[in-house]
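Chemist: Below you will find the structure I want to go over with you.
Values quoted throughout were computed directly from the atomic coordinates according to the rules given, and no laboratory measurement underlies them. Note that this is a predicted model, so its numbers are computed, not measured.
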Amino acid sequence: MPLALAPNVSIDDVPCVVGDLIEARRGVTGAALARPFVWIGGIEAATLLEPLAQSTLTGRELVARWRGIVPSGKEQAMFDVLLRAGVLAS
């Protein structure tokens, strides 16, 4: 089944604490989210989700793109977290 970013979710520059500074980083925002987020499991969320900002993919295709980015064996768990959080939509 094709996936996309949920209708109310986007990838935008958001303020992020980096060391002692606040910098703009690509993050995930949306009305359904309690607050924007930049990191998920120590990985920049935008890196994982940007393929969906360009086109729809199946869950399997998206997870396959994460190989080499997400620690081996953690891809499905990370996918499930994003799906439950309402970031992904089918």
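Chemist: Pairing the Cα long axis of helix 75-84 with the longest principal axis of the chain, what angle in degrees results, from 0 to 90 and rounded to the nearest 10?
Modeler: For 75-84 against the chain, the angle is about 80 degrees.
Chemist: Each residue of the range 3-15 in order: what ³J(HN,Hα) in whole Hz does its phi give by Karplus 6.51 cos²θ - 1.76 cosθ + 1.60, θ = phi - 60°, with x for Gly and Pro?
Modeler: 10, 8, 5, 4, x, 9, 10, 9, 10, 9, 6, 10, x
Chemist: One-quarter of the Cα convex hull surface for the chain, in nm²? Walk me through the intermediate numbers first.
Modeler: On the way: hull surface 23.1 nm².
So the Cα hull casts an average projection of 5.8 nm².
Chemist: Let me ask something else. Helix-only mean residue ellipticity at 222 nm, the chain, DSSP H runs n ≥ 4 weighted -39,500 (n - 2.57), per residue, nearest 500. What is it? Can you show the working numbers first?
Modeler: On the way: 3 runs with 27 residues, N = 90.
Dividing the helical sum by the residues of the chain leaves -8500 deg cm²/dmol.
Chemist: Can you list residues from other chains, or at least 5 along the same chain, whose modelled amide H is less than 5 Å from the amide H of TRP39?
Modeler: Counting only residues 5 or more places away or on other chains, the set is ALA45.
Chemist: Using only Cα atoms and rounding to the nearest 10 degrees, what angle (0 to 90) does helix 45-54 make with the longest principal axis of the chain?
Modeler: So the inclination is approximately 60 degrees.
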